[in-house]
Every structure is written in C-alpha cells, then in structure tokens.
Amino acid sequence: MNALLSVAFVLCWSSGFIGAKLGAGTSTVTTLLMWRFLPLALVLLAVAPLSRAAWRGLGPRDLGRQILIGALSQSGYLLSVYHAIQLGVSTGTTALIDGVQPLVAGALAGPLLRQHVSRRQWAGLWLGLAGVATVTSADAAASGSGVAWWVYLVPFLGMLSLVAATLLEGRSREPVAPRAALTIHCVTSAVLFSGLALGSGAAAPPASVSFWAATAWLVVLPTFGGYGLYWLILRRRGVTEVNTLMFLMAPVTALWGALMFGEPFGVRTALGLAAGLAAVAVVRSGTGASRSARPIRRRPGRPAGRAAAGAGDADAAGTGRSTPAGMPGTSSARSMRHR
C-alpha cells in the first residue's frame, strides 16, 4: 500500500508542472489559480457539515496554524512555481529547484524536529540530487534558455515556502483530520488568489476550452492527488522519506513533457531517473529499521481505533503517525501539493 501511495503521489505531484504549462498560455497566473481554487473551496465548504467528526476539537490556534500552513504550502509555493514557468523557466528546471527541498528539509529536520537523519539517508538524498541535476542539465542543453538569472530565484522561494510549511506542520502537537486541513488550505488559497486577481483586474476567466481543461487538470491531479498524498505520506512515513520522493519529480516531469509536448528524453534523462529511483530505495532501506512504534495521540473525547485514509476519506476521529527514533511525539494532520 505504501508503494502504491508513493507512485500515485509522484505522478500526481509532477502533473502539476505539466498543468502549469498547459495553463500558462491561456491566462495570467492569478486568474488560473483563482479559478482553480475558488470552485474547489466552495465545494469543500458545502460538504464540510457532512464530516463533523473531522472538525471536532479544532480550536482557534489549530485553525490559525492550518491557515498559515495552507498559505505557505499552497499559495506561496504555487504562485512562485506558476510565475516562474510563465516567465520562461522550463518545467524540468523548475522541478530541479523544487527537488532541492529534500536536502533543505533534511538538514533542518534535525535541529527543528529532533528527527535523526542517518548517513545512509544523506547518501540517498545526495544521490537523488545528482539524478535530478542530470535530468535538468539534459533538458537545459536540449532546449537552451535566455531567461534572466534572477528568474530562477522565483521557484527557489516557492521551494522554501513548502519547506517552511512542512516543518511547521511537523511541530504540531495536535492532529487535524486531513479533510479539515484540506478545506482550510483550499479556502485560504481561494481567498488569497481571488484577492490578487481582483486587485489586478484579472478575475474574469477566459472563455476558452484550453483554460478550463487546464483548470480541471490542476484540480483533480495535483490538488486532490498530489497535495492530499503529500500530507498523508508525510504523516505515515516522516519528513525525510516523503521528501526523498521529491527527487523523482524532475525525471518524471521530463517524461510527462516528452509524452505530452514532445520534449527530448535522452540517455541522461534516463540515467537521472534511475538515480532518483536508487535514491528512494537507499533512503527507504535506511529508515525501515529506525522506526519505532508509539501510541497514537488523540484529542480528548475522540474514540480510538480510527485512522485517516487521506483527503478523500478523512473523517478520522484521532490520527497520528509513527516517526523515526529521536523525534518527539508530534502528530500531523495532512490534506494534500501541490500544484
């Protein structure tokens, strides 16, 4: 089951780069993101009363924390990635910069979350980075780029925004059901992007099939699939392991681009994909022996024995996740990524 979740997460998360490219030529970034999140937020709010257990015990402090996490992991991250692609940064290069996230998160997990990162895990992380760099260098050599140097800082800021959200959630002491968290995150993004679109006079959507096709793509695959699975796997497997999967985004995105847009997929791209897969295997083998079971922490008054099944089945009364030895007992509620 964990392997299937990982595969689905990689495919859905990487689809966000492709969706951003599909929508880049149809409208402005704020217009696309507004209409990606506004209908979704309205639907989630409408069905929220059907899952009252997911919202039970959610206090003002929890709500504020989830709003901040949503602003960082969705709004800040997506605005940066989409804007970078619209400015001319290729999907492969954007995915490479996004792929630096595991190293940053891994380096900060120790001092901030007290989570042990072994030498084997670090070796896997560096191997994955090498694979991502190989794929992206091949993409840059094949396509060339006249983009100004400062433009590459835009997706870098987005990557830092997602790292901050991940670490902030990792420090949460109380779990929040994934369905509630997803709703809060999407409503936060809808409000922020609608405000930006209205303020810039770009709220009206274009009457084109390509725009709405790109919007539907982004809602179904990256939001429900990528974003939901990101937090679900983070809860089950920990910060280091879920972020290792991010190394696969650049090569898989290159494959998406080859199949959908005819972008080159040569030997170096294949070697980078192999290195990414090897990195995941190395880190998984390094974390398997270090996990220790611990009791699930629940909010007072919640029944035991129920676990969240993800963004689509998140009526969990009490949730928690096992973490590597040395990490304090933090429970995280997850919804979903990405893009």
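The values are calculated or read from the model by the stated rules, or taken from the named source; none is laboratory data. Computed from a prediction, not measured in an experiment: that's the story for all the values here. We place every Cβ from the backbone using ideal geometry, glycine too, and count neighbours over all the protein chains shown. Side chains are part of the model used for accessible areas, which takes the heavy atoms of the whole protein and leaves out ligands, DNA and RNA. Shrake-Rupley method; radii C 1.70, N 1.55, O 1.52, S 1.80 Å.
Listing for the model above:
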read-out	value
Dipole-positive endmost among Thr94, Leu32, Leu50 within segment 1-154 (Cβ charges, Cα centre)	Leu50
In Hz, Karplus ³J(HN,Hα) per residue of segment 132-137 (6.51, -1.76, 1.60; θ = phi - 60°; x = Gly, Pro)	5, 4, 5, 4, 5, 5
Accessible area of segment 24-128 divided out per residue, in Å², using a probe of 1.4 angstrom	42
Mean-position separation - Cα centroids, segment 189-208 and segment 74-101, in angstrom	20
